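Contents: one structure, followed by commentary.
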């Protein structure tokens, strides 16, 4: 009998508590109700683009801005510097003479390069690298060179003779109507595209 009464008391207490929780959660539609461990979803760190207003001596050095210019001569993690080869004719020639593809010429890398070429390059250059991509046919614009045959580069020489460094430099900065693809392709992906383009250069 005593055990039954104890169970009823526990059940009644649970029902009252659940009802109270539901009531507090529903009384204001904008309320999130009871919150548990709020510090797990409220960021402790400063938001990058929010203004800073504080009396803290360290944060005063931020001068009202959270996002700061990186210190001089520093490089972000995972970022490859390309300062030695500026977007000039001289930088292009230097890249052509000095840069070599660091990736091994494996079937997997070549297949990956083919994929990236098809996605980012073939709309203009064509899947066979013949300069007859579907955008060329639809938009009717000229000047997209073929990678094989006797097509000439606008910077001199034949397209089929371009070195890996020159192709990489062009992907990095763009040329003529072609924009830079540095934001679309990582350095490794660019080298894979270079590898595939050099396969297309061999087409007779």
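No value in this document is a laboratory result; all are computed from the given coordinates. The shown structure was predicted, so the numbers you read here are calculated from the model rather than taken from an experiment. Here the Cβ is made from the backbone with ideal geometry for all residues, glycine too, and neighbour counts use every protein chain on show.
May I ask you to order 114-125, 170-181, 75-86 by the average number of other C-beta atoms within 10 Å around their residues, highest value first?
Averaged packing, sorted descending, gives the order 114-125, 170-181, 75-86.
Mind giving me the nanometre distance, one decimal, between the label points for residue 94 and residue 108, set 7 Å out from Cα along Cα→Cβ?
Here the answer is 3.5 nm between the modelled labels.
Once you have a ≥ b ≥ c as the square roots of the Cα gyration tensor eigenvalues for the stretch 131-204, tell me rounded if a/c is under 1.5, and otherwise prolate or oblate according to whether a/b is larger than b/c.
The shape class here is oblate.
Below 8 Å between Cα atoms, with a sequence gap of 6+, how large is the relative contact order for the stretch 89-200 in percent?
36
Quick one: 74, 66, 88, fewest Cβ neighbours within 10 Å first, how do they rank?
Least to most surrounded, the residues fall as 74, 88, 66.
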